[in-house]
Amino acid sequence: MKVTKNSLQEAVKSNIITSVQAEQLLLFLKNQSAGGPVFDLTHVLYYFGGLIAISAMTLFMNLGWETFGGWGIVVISLIYAGIGIKLTNVFGKKGYKVPAGICATFVVALTPLVLYGLQQGLGVWPDETAYRDYHRYIKWHWLYMELGTLAVGSIVVWKYRYPFLVMPIAVTLWYLSMDVTAMLSGGDYDWALRKLVSMYSGLLMIGLAFWIDIRSRKTADYAFWIYIFGVMAFWGGMSLLSSDSELSKFIYFCINIFMIGIGALLVRRVFVVFGALGSCGYVGHLASSLFNNSWLFPISLTVIGLLVIYLGILWQKHERAITEKSRKFLPTQIRELLESK
C-alpha cells in the first residue's frame, strides 16, 4: 500500500496520529525512498534516457559498426564501458542511485558486443551473421556471448548492488534458454523441444528468483526482473504446448489459477497477469468448444464469478487469522519474506 500525504491527513482526522506525527512520518518515508525508483517525471526521464542508450548498443545496432572490424568494435565498446563505469561511480557517490544503476546496466549490456568483436578480431566467428542478429534470431553460437554476459553481470551486481542491474542478466537467461535448444537440436527448428525447454528453464528461473527474493528480503528487490522473464518463459512454453486432451487443458487452467494465488501471496503481479490470461483462454476454449451454443454456460459462468467475489469477501474478513495460523508452519526465511510484502 502506498502511503500518501492525503492518507496521513485522513489518519489525523480519525485521531489515529497527530498532525506533527503525520509530518514527521511523511518526511521519514521520503528519506527512506530517496534514490529508489518512483513513478514521477524525474525517474521517467532517467529510465527513458537509459533505455535509449542501452537500446542503441543492443536492439538498434546497425551494420555500420561492422566497418570498424572486430578489434575496432572491441576498443570502442571498452571506451563506452569505461565512460559507463565512471558515471556509475560519480552518480553513486553523489547519491543518485537510479542513474548510477542505469549506467552500470549499460556497461553489462555492452558485454555481448565486446565478445562479438573479440571473436571477429580473432577470426573464430562461425558464420556470416552480424551482431544485430543477436537480438533477432536463435543461434547456438550466441552461447559464448550469453555466458560472458552472465559472468560480467554477476561481477557488476556483486560490486554495485543496484537492482536494475539484474535486468540484462534476466534477459540473457531468457536468450540462453532458447539458444541452448538450438544447440541441442543441432540447429533444427524442433518446436516441441523449444516449448519444453522454455517451460522448464522458466521454472528454473522462477526458482532462482524465489531464492534471490528470500536472500534479499531485507535489502532491495533483486528478483523482480528474473521473475518477469522466468514467468514469460514458463507460461509461454506451457501455453504453446498442444494437446487434444480436455484433462490436460483443465490441468493448464489449474496451473494458471495456482499462478494467480502465488502472485497474490508473493505480491508479484507478473504471476497474476499471465495466470489471468491463461485462465481466460481456458474459459474461452470452453465457450467455443465444449459449451458452444449452450444457454446454461453464460449463467453458470456468472454464478461462478459471483462465488469468487463472495470468496474474496470471506477472505477479507478472515485474512489476518488465516494468515497468522498458516505462516506458523512456514520456515523463518519464507515467513519473513511474506511479512515484508
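List of remarks:
- Taking each DSSP H run with n ≥ 4 as -39500 (n - 2.57) and averaging over every residue of the chain yields -24500 deg cm²/dmol at 222 nm.
- For the chain, built as a Gaussian network whose Cα springs stay under 10 Å, the top-fluctuating residue of Ala56, Ala182, Ala233: Ala56
- Estimated FRET transfer efficiency when R0 is 35 angstrom, pair Lys94-Lys13 (beta carbons, to 0.05): 0.35
- Highest mean packing first, where packing is the average number of other Cβ atoms within 10 Å per residue, the peptides 304-312, 84-92 line up as 84-92, 304-312.
- Of interest is the spacing of the C-alpha centroids, which for segment 116-145 and segment 235-272 amounts to 35 Å.
- Counting other Cβ atoms within 10 Å as a rough exposure proxy, the listed residues Asp133, Asp213 run Asp133, Asp213 from fewest neighbours to most.
- Sequence ranges 14-24, 135-145, ranked by mean other-Cβ count within 10 angstrom, highest first: 135-145, 14-24
- In a reduced charge model with +1 at each Lys and Arg Cβ and -1 at each Asp and Glu Cβ, the chain shows a dipole moment near 1400 debye about its Cα centre.
- Unit charges at the beta carbon, dipole of the chain: most positive-side option, Trp65, Phe229, Asn6: Asn6
- Listed by number, the DSSP H helices of the chain that run 15 Å or longer by alpha-carbon position along their axis and have mean Kyte hydropathy of at least 0.0 are 19-32, 41-56, 69-93, 97-109, 111-122, 143-160, 166-184, 191-215, 224-240, 246-266, 269-285, 296-327.
- Cα-based shape type of the chain, given that a ≥ b ≥ c are square roots of the gyration tensor eigenvalues and the cut on a/c is 1.5: oblate
- Positive minus negative residues near Ser239 (Lys, Arg vs Asp, Glu; Cβ under 14 Å): +3
- Take each peptide in 257-265, 203-211, count the other Cβ atoms within 10 Å of every residue, and average; sorted highest first, the result is 203-211, 257-265.
- Which of His43, Leu26, Leu307, positive extreme of dipole for the chain (C-beta unit charges): Leu26
- Fewest-first ordering of Trp125, Trp191, Trp235 by other beta carbons within 10 Å of each residue's beta carbon gives Trp191, Trp125, Trp235.
Throughout, read-outs are computed from the coordinates displayed, never taken from laboratory work. This is a predicted model, so every value here is computed, not measured. Using ideal geometry, Cβ is built from the backbone for each residue, glycine included, and neighbour counts are taken over all protein chains shown.
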